[in-house]
Amino acid sequence: MKHAKYTFLLFLFFAISNVVFAANDTTKAKTHLDFGADLYSRYIWRGTRYGGDSPNIQPGISFSYKNFETGAWGAYSLGGVNPYQEMDLYIKYNFIHDMFSAIITDYYFPDENGTYHYFDYSKNSTGHVFEGGVSYNGINKVPLTFSAFVNFYGADAAKLGTNPSDTTIFNKKTGIQYSNYFELGYSLSAKIVDLNFFVGFTLNNPKKANNSTGFIGETGYYGDKPGVVNLGLSVSKTIKITKSYSIDLVSSLITNPETQRVFLIFGISL
């Protein structure tokens, strides 16, 4: 990642290039610009709650050109003492009739109450996390999906305090953990609603403590051992408002067997 500091500019260049190509080839290009926002009662991502106990709004912008898609996505708490913020960029490529996808995501978590440097991509101080992933999107006759993701650069791991009873997690890391996540899903329609069953797990095994560092060890994104971290069911329904506009409603029951947590959330997509 020698040139990681230029990543943000590459995202912008990719988006602008797509617009130019689309303008010069209107007969062959298949372009689409979209934006919207989701409102959720809680922000639960891969079996973990972010943003505390407050509702969360998640805006997004995407631009697609043929098989490529690029966009930005955010998550912002609507309450709390220290509101949670997240701003992600991504580039995705769909192939083999959209049956498969490959994606690179740049995760970032601004802190308006402190000092943050968005354009810092240095290996030892960046707050960005880069993740690569591939997905099998299934087919109509067999609506089974599978995805695999791994963090490959940035603030992937956090040091733990020297005192085992101190749960404070510091931002500095001792080394990338290559935190990984895998998810298997199955979708079906039941009359007026759609159902999606999912199970997500990690094979991550964070590095053990090195006595010379003065820390008791590290933790990756999904805990300190392999296991199932995201198990549940989502029920969704589309409500048509006008001939050209509709909204999506979703309710999800989510459990995390590793942390023994359970969540029931509701969301609306505008």
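How many residues are at pLDDT below 95, touching a Gly at 6+ places or on another chain (Cβ under 8 Å) and not hydroxyl-bearing (S, T, Y) if we restrict to segment 218-257?
Of the residues in that region, 2 qualify.
Could you check segment 58-75 and list, in sequence order, the residues that are of a type in the set (S, T, Y) and closer than 17 Å to D106 by Cα?
We begin by selecting, within segment 58-75, every residue of a type in the set (S, T, Y); these are 62, 64-65, 70.
Within segment 58-75, S62, T70 qualify.
Quick check on segment 42-57: of everything there that is touching a strand residue (DSSP E or B) at 6+ places or on another chain (Cβ under 6 Å), assigned to a strand (DSSP E or B) and surrounded by fewer than 18 Cβ atoms within 10 Å (Cβ to Cβ), which residue is modelled with the highest pLDDT?
Applying the first criterion (touching a strand residue (DSSP E or B) at 6+ places or on another chain (Cβ under 6 Å)) to segment 42-57 yields 42-44, 46-47, 50-51, 54, 56-57.
With the extra rule that they be assigned to a strand (DSSP E or B), the set shrinks to 43-44, 50, 56-57.
Checking the rest, the ones that are also surrounded by fewer than 18 Cβ atoms within 10 Å (Cβ to Cβ) come to 50, 57.
On the way: Y50: 91, I57: 96.
The selected residue is I57.
Checking F215 against (1) within 19 Å of the chain's Cα centre (by Cα); (2) at pLDDT below 80; (3) assigned to a loop (DSSP other than H, G, I, E, B); (4) not acidic (D, E): exactly one of these is not met. Which one?
(1)
I need the full set of residues from segment 183-205 which are closer than 16 Å to F152 by Cβ and either modelled with pLDDT under 85 or surrounded by fewer than 17 Cβ atoms within 10 Å (Cβ to Cβ) (or both), in order please. First the steps, then the outcome.
From segment 183-205, those closer than 16 Å to F152 by Cβ are 202-204; that's our starting set.
The answer is L203, N204.
Run L264 past the list (1) closer than 18 Å to I44 by Cα; (2) loosely packed, with under 14 Cβ neighbours inside 10 Å; (3) modelled with pLDDT under 90; (4) not hydroxyl-bearing (S, T, Y) and report the number of the one that doesn't hold.
Going through (1) closer than 18 Å to I44 by Cα; (2) loosely packed, with under 14 Cβ neighbours inside 10 Å; (3) modelled with pLDDT under 90; (4) not hydroxyl-bearing (S, T, Y) one by one, L264 breaks only (3).
What pairs come up if the first residue lies in segment 51-63 and is of a type in the set (A, V, I, L, M, F, W, C), the second is assigned to a loop (DSSP other than H, G, I, E, B), and their beta carbons are under 8 Å apart, counting only those six or more places apart or on different chains?
I57/L78
Checking G80 against (1) more than 22 Å from G267 (Cα to Cα); (2) part of a loop (DSSP other than H, G, I, E, B), only one condition comes out false. Which one?
Going through (1) more than 22 Å from G267 (Cα to Cα); (2) part of a loop (DSSP other than H, G, I, E, B) one by one, G80 breaks only (1).
Take the residues in segment 86-121 that are assigned to a strand (DSSP E or B) and of a type in the set (G, A, S), then tell me which one is surrounded by the most Cβ atoms within 10 Å (Cβ to Cβ). Even if it seems obvious, please write down each step before you answer.
Initial filter on segment 86-121 (assigned to a strand (DSSP E or B)): 86-95, 100-107.
Restricting the remaining residues to those that are of a type in the set (G, A, S) gives 101-102.
On the way: S101: 18, A102: 13.
The selected residue is S101.
Right, L39: aliphatic (A, V, I, L, M), surrounded by fewer than 17 Cβ atoms within 10 Å (Cβ to Cβ) and modelled with pLDDT of 95 or more or not? Walk me through how you get there before you give the answer.
Numbers: aliphatic (A, V, I, L, M): yes; surrounded by fewer than 17 Cβ atoms within 10 Å (Cβ to Cβ): yes; modelled with pLDDT of 95 or more: yes.
Taking the combined requirement at face value, the residue satisfies it.
For segment 58-95, give me each residue that is at pLDDT 95 or above and of a type in the set (A, V, I, L, M, F, W, C).
Result: I61, F63, F68, A72, W73, A75, M87, L89, I91, F95.
Being closer than 11 Å to R46 by Cβ, out of contact with any Leu (no Cβ under 8 Å at 6 or more places or on another chain) and part of a strand (DSSP E or B) is the filter here; which residues of segment 174-200 pass it?
Y181, E183
The values are calculated or read from the model by the stated rules, or taken from the named source; none is laboratory data. What you see is a predicted model, and the numbers here were worked out from it, not measured in a lab. Please note: Cβ atoms are built from the backbone with ideal geometry, for glycine as well, and neighbour counts cover all protein chains shown.
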